[in-house]
Amino acid sequence: MRKGRGSRFLAALGTPVRTLRNDLWTAPPDPLPRGWRDWQPTVVVLLTLVAFGLGVANINQSIWQYGLGPTYGFVLGVIPPVALVVTLFRPLPGWWATTVTMVLVALLSRPHGAQMYPWTGAGIPLHAIVLLLLALRVRPRVAAEALVISVLAGVACTAVESPAHNVDLYPAALILTLATVIGASLRGRRVARSQLDVQAELTAEERARRTLLEERTRIARELHDVVAHHMSVISIQAQVAPHLVDNPSEALKENLIGIRANAVDALTELRRVLGVLRSEDELSEAMRHAPQPTLERLDELVDNVRGAGQPVDVRITGARRPLPPGVELSAFRIVQEALSNVLRHAPGAAIRVELGYQATALAIRITNDASTRAEPRPAAPGGGHGLLGMRERVAMLGGEFADGLVPGGGYEVVARLPLGDDS
């Protein structure tokens, strides 16, 4: 029975011992923040200067005032300042070296007169700075454990030795505690800021993802109307075709009936999809049922921008002709988005809209010079998410898109939309 209790006691005692070993021996320190890395050479130089000044005083006190002699006094006096610099890179080894050296100095010294004990006069600030650097790089629990062990080591040295001197245990404990609390607070502030930055990045990514989905939904909603129009035409043509042929065969009638049935089914499914896409749409009923715009309305769009006080120059090269509905819609929306961006970000700037009708593609280029007004103008109605929407539309058609600043101030948007085989 006693053996069982003893085993449980040893097992319970072994748990905190293992925790201390893991925390104070193998626990990895936090990596240096990216901002600190730029200042690391300066911090090393400053710490080296501080360590040198305190080290000289510590060696002098160890040799002459604490009676350690030249050899022991120099070795034990030089370890804490060296450990101070080491702590910047290896916090736990630096703290261990400082603490063990303090204990050895306290046990081996024979102070001349009423000297401070168990820390030397220079040993207190050295130990405090080490604990401060340690608390900046490790978890608060580890820093607290290091502080408790440091103070307990001082208590043990004071209890074992009782020479005639001034015991500095209480002021040293206060200084060491203050240094540890400051270091832990700074670390906590840094960790909180890092977590806030990570959360901000996640929020920005989520916002960008949501914006992308909204723009894709908007584009899909618009293209639905284009596809639905074609399906309606197919259905009507399939219904009318038998009446345009004298004595149509049964096979032709059956095929046309099948074509019309498939077109009607597809149109029904498209309407269901449209209902999902527009379930949360805020557009008015009139705008929902309005036909999708094409480049035929380009003059109307430009006149609206000119009415807002923005000079617009339109240049069209090549033979102007009807284009595939998807290309027409995307081209109109790209010009609309570009004009909206100029109104928002470059009020008063002169705008040039260029359309190039090529054999296999439609080239679009919208440029503006530097803004001449401080206040933004209202954006053109019907705009989406700016450059994101333009990129999505061009990518959907397999085209090319580029944007950027132009020399002398201003901005440009360039897109090339392939026409396909049906243009």
Go through region 325-335 residue by residue and turn each phi into a ³J(HN,Hα) via Karplus (6.51, -1.76, 1.60, θ = phi - 60°); whole Hz please, and just put x for glycine and proline. x, x, 6, 4, 4, 5, 5, 4, 5, 5, 5
I need the shape label for region 313-375. Rule: rounded when a/c is under 1.5, else prolate if a/b > b/c, else oblate, with a, b, c from the alpha carbon gyration tensor. prolate
Applied in sequence order to region 68-81, the curve 6.51 cos²θ - 1.76 cosθ + 1.60 (Karplus, θ = phi - 60°) yields integer Hz couplings, x standing for Gly and Pro, of 8, x, x, 5, 5, x, 5, 5, 6, x, 8, 5, x, x
By how many nm would the segment from VAL167 to ALA261 lengthen if fully extended, with 0.36 nm per residue of separation less the alpha-carbon distance? 23.8 nm
Under 9 Å from the Cβ of VAL413, count the other residues' Cβ atoms, weight Lys and Arg +1, Asp and Glu -1, and hand me the total. -2
How would you rank 83-96, 248-261, highest first, on the average number of other Cβ atoms within 10 Å across their residues? 83-96, 248-261
Derived scalar couplings ³J(HN,Hα) [region 206-214; Karplus, 6.51 cos²θ - 1.76 cosθ + 1.60; whole Hz; x for Gly, Pro]: 5, 5, 5, 5, 5, 4, 4, 5, 4
FRET efficiency (VAL245, GLU269; Cβ distance; R0 25 Å; to 0.05) is 0.25
Under 5 Å, built H, 5+ apart or other chain: amide partners of GLY67: ARG110, HIS112
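No lab work stands behind these numbers, since they all come straight from the coordinates. This is a predicted model, so every value here is computed, not measured. We place every Cβ from the backbone using ideal geometry, glycine too, and count neighbours over all the protein chains shown.
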